[in-house]
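Student: Following this message is one structure expressed as structure tokens.
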Amino acid sequence: MVTLIDGQAERARYEKRCFAGYLHTVGTAVHYDDVEQIDAKIRFYEDELNALEENLKLMESEREVISQQQEALTEEEKTLIQEEAALWDVFNNLQLQETTFQEIRDAGTAQIDAMERKVASAKHLNILTDMFIIGYDGAFGTINQFRMGQSASFAVEWNEINAAFGECALLLQTLGNMVGVEFSDFKIVPLGSFSKMIRTSNLRMEYCLHGSDQQNFAESHFNLGLGAWITCLATLLLPDLRAVLVA
């Protein structure tokens, strides 16, 4: 548009110069009416030129404003591009964190599943069966492979018998602790081959849970200690016996 206006203005100037040269050439030969027409046409073109120059100034001013707006939009576009890049960085970091958290969650879930399987397996275990292996060897009962008892045809060493009763004392005390039974009359003292029973009611007495060939079994403390152990066993089994009788 500016180029078009410049062309029109230049054309008007050219025509003005042509008319001026023509007038100078023809001199007085030109009629007065023709001169008036030419002057009117020149004034018309001059007015049009002035108007076009004013429009040109306005358009240049508008072009400057548009240029400034374009620069502002360019800067805003750069800012938006930077913000978009920052948002993509945040998005990528969040995706990385999500992946990391999912891996941690999956690992934790796997650990929980493994622990639950171990707990479920442990619930089916009975530690007493590992600590106290009860069986028999011929005519003799055994606990942890220690035989208990005597027979006319086969003599068991007292060391082995005493060790067996020490295991029995420990087993009875362990069972009492597990089920919450308190033995009111006796206290069990597991000491291996030298275990004993202590009477806590009335007069305090200690009874051995170990014997020897030198003792008279019927009159020995071992006999009394064995009776005390059986009393504690009955106390432990009494609730089950009552349940059986009621049923």
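Computed from the coordinates by the stated procedures, all read-outs in this text should not be read as laboratory data. All of these numbers come straight from a predicted model, not from anything done at the bench. All Cβ positions, glycine included, derive from the backbone under ideal geometry; neighbour counts span all protein chains shown.
Student: So if I average 1/r over every pair of distinct C-alpha atoms in the stretch 157-237 and take the inverse, what Kirkwood radius in Å does that give? Don't jump to the answer; show the numbers that get you there.
Tutor: Working: mean 1/r = 0.0794 Å⁻¹.
Evaluated over the stretch 157-237, this radius sits at 12.6 Å.
Student: Near LYS118, which aspartates and glutamates are there with a Cα under 20 Å away, not counting those fewer than 8 places off in the same chain?
Tutor: ASP106, ASP130
Student: Next question. Net charge near GLU76: determine it from the other residues with C-beta under 15 Å of the C-beta of GLU76, scoring Lys and Arg +1 and Asp and Glu -1. Before the final figure, lay out the partial values.
Tutor: Working: positive: LYS78; negative: GLU71, GLU75, GLU77, GLU83, GLU84.
Combined, the nearby Lys, Arg, Asp and Glu give -4.
Student: Give me GLU167, GLU84 ranked fewest to most by other Cβ atoms within 10 Å of their Cβ, as a rough exposure proxy.
Tutor: Lowest to highest Cβ neighbour count: GLU84, GLU167.
Student: Under 1.5 on a/c is rounded, so check that first for the stretch 85-174, then, if it is not, pick prolate when a/b is larger than b/c and oblate when it is not; a ≥ b ≥ c are the square roots of the alpha carbon gyration tensor eigenvalues.
Tutor: Here the stretch 85-174 falls in the prolate category.
Student: Something else: Once a ≥ b ≥ c are taken as the square roots of the eigenvalues of the Cα gyration tensor of the stretch 38-93, is the result rounded (a/c under 1.5), prolate (a/b larger than b/c) or oblate (a/b not larger than b/c)?
Tutor: Verdict is prolate for the stretch 38-93.
Student: Further, regarding this structure: Check each of the trypsin sites (Lys or Arg not before Pro) in the stretch 111-189 and keep only those in coil by DSSP with at most 11 other C-beta atoms within 10 angstrom; list them in order. Don't jump to the answer; show the numbers that get you there.
Tutor: Details: sites: ARG117, LYS118, LYS123, ARG147, LYS187; in loops: none.
Passing sites in the stretch 111-189 do not exist.
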